[in-house]
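**Student:** First the structure, which I've put down as structure tokens, then a few questions once you've had a look.
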Amino acid sequence: MISLKVNGKEYEMEVSPDTPLLWVIRENLGLTGTKYGCGMAQCGACTVHINGEAVRSCVTPVTRAAGQEVTTIEGLSPDLSHPLQRAWIAEDVPQCGYCQSGQIMAAAVLLREKPRPTDEDIDRAMAGNLCRCGTYPRIRKAIHRAARMMAKGGAK
Amino acid sequence: MSTLEMKSRMIENQDAVSFTRRAFLKLTATAAIGGGLMLGFGLPARGEVRDSLTTNAPFAPNAFLRIDRAGKVTFVMPMIEMGQGTYTSLPMLIAEELEVDIDKVVIEHSPPDDKVYVNRLIGVQMTGGSTAIRATYVPLRHAGATARVMLVTAAAKRWNVDPSRCHAKNGVVVHGPTGGRLDYGSLVDDAAKLPVPDNVTLKASAEFKLIGTPHRRLDTAGKVDGSAKFGIDSRLPGMKFAVVAISPTFGGKLVSVDEAKAKAMKGVSQVVRLDDAVAIVAVHTWAAKQGLVAAAPQWDPGPNTTVSTADIIAQLAAASEKAGAVARHDGDAAGAIARATRKVDAVYQQPFLAHATMEPMNCTVHVTKDSCDVWVGTQVPGLTQAAVMKVTGMEREQVRIHNHLLGGGFGRRLEYDGTVRAVRIAQRVEGPVQVIWTREEDIQHDMYRPYYYDRISAGIDAKGKAVAWSHRITGSSIIARYNPAWIKDGIDPDAVENSANLPYAFKDIHVEWVAQEPPTGIQTSWWRGVGITRGTFVVESFIDELAANAKQDPLAYRLALLDKNPRAKSVLQIVAKRSGWGKKLPAGNGRGIALCTGFGSFIAQVVQVTVDAKGAVKPTHVWCVVDCGIAVNPDTISAQMESGIIFGLSAALYGEITIKDGRVEQTNFGDYRVLRINEIPQIKVHLVKSTEAPGGIGEPGTSCLMPALTNAIYAATGKRIRKLPIRMEEAV
């Protein structure tokens, strides 16, 4: 039996300990906002937070998350109020949208560590997250916008 | 040319409403089927998604909209959203005429129906070929206007006033003289009893309130809070998960699997054997993956074990020596080249490409004794339904296709091979099952953009002027497989796009097409820009070669050949001005220019590139000018250009599927690279204001980019790239 805390909710489940966290989140918990893209930490679509740190859930055994605080895109805010979500909407970032949960979760960690990131900071932090639609220019703009919003006290 | 004629014939075959037939034929379409698509789930403005036609609103004057008694408006989308912005721009078309608040409209995917939701430029229900706006610009406005007229008539009757003194605004009918107001919800029962008018007047463009003004996408909320539903997000009670392994060698067969070992893995419930594949069914995808490893499938590799990319290229090269079907013959190109002072020859090669949509292939199916439900994201719901009917032997009413948002299309989801395979698996499984292709399966069993081999020659007179143009295209015919009826006189109209109808004027032109298929089992299909991507690379590269040969500026050289093509000329002039064309650049830098005419649009790009001493190529800037006629949602067009440019960069710099020992060598994003955020150039997009009919924008940004980039490399280094992807050591 493994105990998990995801988006503040406690779960107990019978699951093989080597199961990647991704499949537990998507299939056991039904939180489908976190995406499967490559299965080997090459695309970032599966990015979630464990204790506030970004991890690729497709290569993270569920046991590593046991007893920790896991946050998925569904837990970022209850009402689209997170500055990154507001900035993503304002800049019309998503196209197909499949990678965007992972992009936003990666960006959230960047902004916590670098509240006013440069383009180079963004490149470094976000290079692990692929977007096949090529929304990168808008991701960059949206991260800068979110940073400005947070600096003005928009952070939650 | 032939593409349009072909489509016109198909349109005649549809029981299309007469007004739309006329309106559509006026559009100057050269639609190939490459990029986008449509289907049947619903997504209200706040990003919530639900199945199509779940409500039975009293007022539904056509297949595209419904209004209930509470005034809730639902739009049913004939095209699917796969990132290109149709779930914003198509609602804008309806709302413009219906006079409702677009942000309050609920949006649904359409159910499969090749008649009601036909793409009139193509002939079936399809999102592709950069046709979404072109195919719906009149009919969706007409749908909105028809409903508005009926609601206004209903209100006028109730008030017993002249309907011409009433108008609609923001979901309310207003009687001008008295200021009386009735909201749409209160009128739906009366309106539903009225005859549907045949002729309604559409707004003149000067009256547009929505069309032409940037509107934020309606589908963003669900894409930033995790609630947007893609096919892979389908969840049903009691659902199982399956992973599939297809014969790694093209044309191979399954020989054996260790079923006992597979089933010994915790959670694995079943092993399903197909002729050329095996699926492991389990409680979760991870268990299924573990089961597949344990199953250790053994394969009969079949007839292709020695096939390599080099063999395929050799076959194409040999085929390209033969005469082909003539796609264009003006004057006497062969004679003019023979009489010319000099001749310039080139061979261009473009590789097999995978689509690598971020959402890998997947399909969820529930087969019962008398029904088959399919949850999938597809660009072709009607064709998918027909394919499932064929596999199951069921009738149309028994096969339900539930469409979803697409986690990328790019042409991949114009195919239903994954759905057919999933249905075959689900036929042996009790209850619903989601079949997922791992990324490795997705890349190794894609239906690839064909390898193209183009021979091209020009004759040059004593003054350095090109006097004749001769071009032979060799490659796989996608249309011959997809819809053979579209082949005319041996010509694949897609494969010769932007070659038979190149934008430049030469008195003597000869263009031929030679179909040469790869070995059985290697399937080819649509890929963003399809024929136009192939043709634009070759034509724009060769024009650049001719300019260099004549020691002329590549921009001036092009302009001199475009006197009869003012919109093409204009985008080139504008992009030159905006980029500061001709500006002196530091050593190792260069700028290239290219033009793409196609999908009813005109695009010009300038790319600036740095090539270092080791041959590393870094694009630093892209200027893009678009004349796509009327721009319905201008910011979407900019976004599609950014997207197309980055997609084209990925392909030009890295994109290549290679085959060795009968199998694909690439496996995942590590060896099938796509651009990352730290690699993108600065991109500046400019839209030309126009009142011409709208053109397509999903694909040409990609088509234009590749030659603009390789022309920039030539400017920087004097080396010509004639084979993609770019490798400086292969430049000539």
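**Student:** Only one of these is in contact with a Cys (Cβ under 6 Å, 6 or more places away or on another chain) and under 25 Å from A:Y98 (Cβ atoms): B:M126, B:M82. Name it. Before you say what the answer is, go through the steps one by one.
**Tutor:** Working: B:M126 fails: in contact with a Cys (Cβ under 6 Å, 6 or more places away or on another chain).
Of B:M126, B:M82, the one residue that is in contact with a Cys (Cβ under 6 Å, 6 or more places away or on another chain) and under 25 Å from A:Y98 (Cβ atoms) is B:M82.
**Student:** Another one. For residues that are crowded, with 24+ Cβ neighbours inside 10 Å and part of a loop (DSSP other than H, G, I, E, B), scanning just the range B:424-446, find the one that is nearest to the other protein chains (Cβ to nearest Cβ).
**Tutor:** For the range B:424-446, the residue satisfying everything is B:D446.
**Student:** For B:T368, indicate whether it is at pLDDT 95 or above, of a type outside the set (A, V, I, L, M, F, W, C), farther than 27 Å from B:T524 by Cβ and out of contact with any His (no Cβ under 7 Å at 6 or more places or on another chain). Give the derivation first.
**Tutor:** Details: at pLDDT 95 or above: yes; of a type outside the set (A, V, I, L, M, F, W, C): yes; farther than 27 Å from B:T524 by Cβ: yes; out of contact with any His (no Cβ under 7 Å at 6 or more places or on another chain): yes.
Taking the combined requirement at face value, the residue satisfies it.
**Student:** Can B:L555 be described as part of a loop (DSSP other than H, G, I, E, B) and more than 28 Å from B:F352 (Cβ to Cβ)? Let's see the steps before the verdict.
**Tutor:** On the way: part of a loop (DSSP other than H, G, I, E, B): no; more than 28 Å from B:F352 (Cβ to Cβ): yes.
So B:L555 does not fit the description; no.
**Student:** Just to check your reading of the model, which residue among B:R534, B:R558, B:R528 is free of Cβ contacts under 8 Å to residues at least 60 places away in the same chain, of a type outside the set (S, T, N, Q) and surrounded by 24 or more Cβ atoms within 10 Å (Cβ to Cβ)? Quick ask: steps written out before the conclusion?
**Tutor:** Numbers: B:R534 fails: free of Cβ contacts under 8 Å to residues at least 60 places away in the same chain; B:R528 fails: free of Cβ contacts under 8 Å to residues at least 60 places away in the same chain.
After ruling out the rest, the residue left standing is B:R558.
**Student:** Now, a different point. Looking at B:D162, B:D183, can you tell me which residue is touching a residue at least 60 places away in the same chain (Cβ under 8 Å) and either of a type in the set (K, R) or surrounded by fewer than 24 Cβ atoms within 10 Å (Cβ to Cβ) (or both)?
**Tutor:** Values: B:D162 fails: touching a residue at least 60 places away in the same chain (Cβ under 8 Å).
Exactly one residue qualifies, and that residue is B:D183.
**Student:** Still on this structure, please answer the following. For the range A:1-93, give me every one of the strands (runs of 3 or more DSSP E) that falls completely inside it and has 3 or more residues that are within 30 Å of B:I443 (Cβ to Cβ) and at pLDDT 95 or above.
**Tutor:** Details: elements: A:2-6, A:9-13, A:47-50, A:53-56, A:69-71.
Because the criterion is at least 3 residues that are within 30 Å of B:I443 (Cβ to Cβ) and at pLDDT 95 or above, the strands (runs of 3 or more DSSP E) in the range A:1-93 that meet it are A:47-50, A:53-56.
**Student:** Looking at (1) assigned to a helix (DSSP H, G or I); (2) touching a Ser or Thr at 6+ places or on another chain (Cβ under 6 Å), which is the only condition B:G408 fails?
**Tutor:** Only one criterion in (1) assigned to a helix (DSSP H, G or I); (2) touching a Ser or Thr at 6+ places or on another chain (Cβ under 6 Å) is unmet by B:G408, namely (1).
**Student:** So which of A:E53, A:E12, A:E27, A:E69 ends up being without any contact (Cβ under 8 Å) to a residue 12 or more places away in the chain, among the charged types (D, E, K, R) and more than 7 Å from chain B (Cβ to nearest Cβ)? So that I can check it myself, show each step before the final result.
**Tutor:** Working: A:E53 fails: without any contact (Cβ under 8 Å) to a residue 12 or more places away in the chain; A:E27 fails: more than 7 Å from chain B (Cβ to nearest Cβ); A:E69 fails: without any contact (Cβ under 8 Å) to a residue 12 or more places away in the chain.
So the residue among A:E53, A:E12, A:E27, A:E69 that is without any contact (Cβ under 8 Å) to a residue 12 or more places away in the chain, among the charged types (D, E, K, R) and more than 7 Å from chain B (Cβ to nearest Cβ) is A:E12.
**Student:** Follow-up. So B:H621 ticks every box in (1) surrounded by fewer than 24 Cβ atoms within 10 Å (Cβ to Cβ); (2) in contact with a helix residue (DSSP H, G or I) (Cβ under 7 Å, 6 or more places away or on another chain) but one. Which box is left unticked?
**Tutor:** Failed condition: (2).
**Student:** Scan the strands (runs of 3 or more DSSP E) fully inside the range B:278-394 and keep the ones with 1 or more residues being without any contact (Cβ under 8 Å) to a residue 60 or more places away in the chain and either touching a Pro at 6+ places or on another chain (Cβ under 9 Å) or not aromatic (F, W, Y) (or both).
**Tutor:** Details: elements: B:298-300, B:325-330, B:342-350, B:362-368, B:371-376.
Counting at least 1 such residues, we get B:298-300, B:362-368, B:371-376.
**Student:** Let me ask something additional. Taking only the range B:351-369 into account, find how many residues are under 19 Å from the mean Cα position of the chain (by Cα) and away from chain A (no Cβ under 14 Å).
**Tutor:** Final tally of qualifying residues: 2.
**Student:** Test each condition in (1) touching a Gly at 6+ places or on another chain (Cβ under 9 Å); (2) under 30 Å from B:Q444 (Cβ atoms); (3) within 13 Å of another protein chain (Cβ to nearest Cβ) for B:R663 and report the one that comes out false.
**Tutor:** Unmet for B:R663, out of (1) touching a Gly at 6+ places or on another chain (Cβ under 9 Å); (2) under 30 Å from B:Q444 (Cβ atoms); (3) within 13 Å of another protein chain (Cβ to nearest Cβ): (3).
**Student:** Continuing with the same structure: One residue is enough: does the range A:90-103 have a residue meeting the conditions more than 9 Å from every other protein chain (Cβ to nearest Cβ), farther than 22 Å from A:A151 by Cα and either within 15 Å of the chain's Cα centre (by Cα) or among the basic types (K, R) (or both)?
**Tutor:** So far as the range A:90-103 goes, yes, one or more of its residues are more than 9 Å from every other protein chain (Cβ to nearest Cβ), farther than 22 Å from A:A151 by Cα and either within 15 Å of the chain's Cα centre (by Cα) or among the basic types (K, R) (or both).
**Student:** If you don't mind, there's one more thing I want to ask. List every residue pair whose Cβ atoms lie under 9 Å apart, where the two residues are 6 or more positions apart in sequence or sit on different chains, the first residue falls within the range B:676-689 and is facing chain A (nearest Cβ under 7 Å) and within 13 Å of B:M641 (Cα to Cα), and the second residue, located anywhere, is in a strand (DSSP E or B) and among the β-branched types (V, I, T).
**Tutor:** Note: pairs meeting the criteria are B:I683/B:V622.
The values are calculated or read from the model by the stated rules, or taken from the named source; none is laboratory data. In this text, all values refer to a predicted model and were calculated from it rather than measured experimentally. Here Cβ is always computed from backbone atoms with ideal geometry, including for glycine, and neighbour counts include all displayed protein chains.
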